[in-house]
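Have a look at the structure below, then the notes.
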Amino acid sequence: MTLEIDAQPEPIAFDPKQSALIVVDMQNGYCSPGGYFSHLGIDLSPFERVVGAISRLVSISRDSGMQVIWLQNGWDPQLKEAGGPHSVNQRKGNSLRLMRERSELRGKLLTKGGWDYEIVDALKPDAEDIIVPKPRYSGFAGTALDSILRSRRIETLFVCGVATNVCVESTIREAFFKEFFPVLVRDACYQAGPQFIQDATVYNVEKFFGWTALVEDIAKVCRHAKAA
């Protein structure tokens, strides 16, 4: 069934069976007090609003037959997945830098097996969902995401999560390069930094890399399709 969503900058048609909801990095490190973002001084006040929006979006997606995929950012305890000593990820990754500079944080930030790495309690994948661990900002970099999507004939990606201007935007850009149709769900994500950064990502996506929509836009068309 083909549906049409009232997206920006123009409507876009999609088939839920050939679409996926990509939930980016809704982990304690990015969303919870005491996590990685707290140590950077990132404002976490949008969390309650965004987690509610994502929870609703996940429910809508499952009901409509979309595949739900959770991206989970981080590394093994030995940091082998974070790159070697000459890796730009090692140099620019703020969590890695903090763990080098502050001994009490070593092995804790975005480290597999730890609290910081875990998806927040308010959002839990179910048995039909797919979890894709990722070692870099983009959900496609060093992961099986591309083959997971193509093997299911998925074409349209609804992307939400944290942070809008970093991992969300990186994933959307690479989706565009790989010929997927990315839609940023702009009220189901928040940025690392001031509001103008969120606005800049919305502008970039609408102008160059895809489309944006609201949770209610998606809910409305899926409700109508279910009632038909």
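The values are calculated or read from the model by the stated rules, or taken from the named source; none is laboratory data. Predicted, not measured: the structure shown is a model, and the values here were computed from it. Don't worry about glycine lacking a Cβ; one is built from the backbone with ideal geometry, like all the others, and counts go over all protein chains shown.
Results, tabulated for the structure shown:
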quantity	calculated
Conditions (1) farther than 20 Å from VAL185 by Cβ; (2) in a helix (DSSP H, G or I); (3) touching a residue at least 12 places away in the same chain (Cβ under 8 Å); number of the one not met by SER38	(3)
Close pairs from the range 70-93: first in a loop (DSSP other than H, G, I, E, B), partner crowded, with 17+ Cβ neighbours inside 10 Å and among the acidic types (Asp, Glu), Cβ under 8 Å, at least 6 apart	GLY74/ASP116
Members of the range 116-133 found to be loosely packed, with under 15 Cβ neighbours inside 10 Å and either among the small types (Gly, Ala, Ser) or out of contact with any Lys or Arg (no Cβ under 8 Å at 6 or more places or on another chain) (or both), listed by number	ASP121, ALA122, LYS124, ALA127, ILE131
Of all residues in the range 34-60 being within 18 Å of ASN94 (Cα to Cα) and either of a type in the set (A, V, I, L, M, F, W, C) or in contact with a Phe, Trp or Tyr (Cβ under 9 Å, 6 or more places away or on another chain) (or both), the one that is surrounded by the fewest Cβ atoms within 10 Å (Cβ to Cβ)	GLY34
Pairs with Cβ under 6 Å, 6+ apart, first in the range 137-148 and within 14 Å of GLN67 (Cβ to Cβ), second assigned to a helix (DSSP H, G or I)	GLY139/LEU145; GLY139/THR171
Any hit, the range 188-207, residues being closer than 15 Å to PHE14 by Cβ and touching a helix residue (DSSP H, G or I) at 6+ places or on another chain (Cβ under 6 Å)	no
All positions within the range 186-209 that are among the small types (Gly, Ala, Ser) and either part of a helix (DSSP H, G or I) or on the phi < 0 side of the Ramachandran plot (or both)	ALA188, ALA192, ALA200
Residue in the range 154-162 that is more than 13 Å from the chain's Cα centre (by Cα), exposed (fewer than 15 other Cβ atoms within 10 Å of the Cβ) and in a loop (DSSP other than H, G, I, E, B) present	no
Options ARG136, ARG173: the member that is part of a loop (DSSP other than H, G, I, E, B), at pLDDT 95 or above, among the basic types (Lys, Arg) and buried (at least 16 other Cβ atoms within 10 Å of the Cβ)	ARG136
